[in-house]
Amino acid sequence: MKRPRHLSQLITPETFKSVMEEQQKRLSSRTITQHYERENMHLYLVEITHAQEKEREHIARELHDGILQDLASLSLDIEKILLNKDKENLILETVAQLEQLLDRSTT
């Protein structure tokens, strides 16, 4: 039996064309799939980044608002002490409240 010298002697042109078209379809399909996967990953990362930024803003706002409220309260309590120097009980109560407020603000 005689061995074929070239691949073209084993495969007909129609078969070769069919195989090549199938390979091209698979490659195109894989390329499209990879493109959509990359696009989805990009969108996912954008969403994560946006959510992280919103959470940072929320935490910063809470910290800022809480500190401002505590400082305003301290200011009012100090003013109350200064205006009522002759009332020792009020001073002691206010100082105790100030200590609690400072403890809460620093923990």
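Treating only the Cβ atoms of Lys and Arg (+1) and Asp and Glu (-1) as charged, compute the dipole magnitude of segment 12-106 about its Cα centre; round to the nearest 20 debye.
600
Any idea what the alpha-carbon Rg over 2.2 N^0.38 Å comes to for segment 52-107?
Expressed relative to 2.2 N^0.38 Å, the Cα Rg reads 1.48.
On alpha-carbon atoms, Rg over Rh for the chain using Kirkwood Rh?
1.77
Which value in nm describes the separation of the simple spin-label points at TYR36 and ASP77, placed 7 Å from the Cα toward the beta carbon?
6.2
Given a 10 angstrom Cα cut-off, can you work out which residue in GLU37, GLU47, GLU21 is the most mobile in a GNM of the chain?
Per the Cα network of the chain with a 10 Å cutoff, GLU21 tops the list.
Every number in this text was worked out from the coordinates using simple rules, so none of it is lab data. What you are looking at is a predicted structure, and each value in this text was computed from that prediction instead of being measured. Cβ: placed from backbone, ideal geometry, glycine included. Neighbour counts: every protein chain shown.
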